[in-house]
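Novice: Attaching a single structure in structure tokens format; questions to follow.
The values are calculated or read from the model by the stated rules, or taken from the named source; none is laboratory data. Not measured: the values here are computed from a predicted model. As a convention, Cβ positions derive from the backbone with ideal geometry for all residues, glycine included, and neighbour counts pool all protein chains shown. In case anyone asks, the SASA skips ligands and DNA or RNA and just uses the protein heavy atoms, side chains included. Shrake-Rupley method; radii C 1.70, N 1.55, O 1.52, S 1.80 Å.
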Amino acid sequence: MNRRSASLLVLLGALLGVAAPFLLPSVVWAQTSRAAPRKEVPPPPPAPPPAPAYEYTFVKRESPDEDLVELQRLGGEGWRVVSTVVVDGSTRRYVLMRDRRAGPASH
């Protein structure tokens, strides 16, 4: 085989390779449709909830009647008594806590 024949065969092979999808579309489609089926990717897990945040305040104890009125009002705002504290041996205070709100603390 001479050089000219070999060059023509290489050129013919290249042309057939480029033209094959247009000449044999059913064969090409059959080969591409056999691709592995897509696996569904599960959605990512939900983000964990934010850690709870609390705000604190205190109320100086005055008298049982005044304390009751004030604690009921604060309880309606979401505050709850978590402790009582004695300051300087005589002054008593209620320590209150509630979930942190978006706005500034009222006390």
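Novice: Could you work out how much longer the chain between residue 95 and residue 63 gets when fully extended? Use 0.36 nm per residue separation minus the Cα distance between them, nm to one decimal.
Specialist: Value of the extension gain: 9.9 nm.
Novice: If DNA, RNA and ligands are ignored and the probe is 1.4 Å, what is the ranking of 93, 101 by accessible area, most exposed first?
Specialist: Solvent-accessible surface, decreasing: 101, 93.
Novice: When ranked by the protection proxy of mean other Cβ atoms within 10 Å per residue, highest first, what sequence do the peptides 76-89, 44-57 form?
Specialist: Sorting 76-89, 44-57 by mean packing, highest first, produces 76-89, 44-57.
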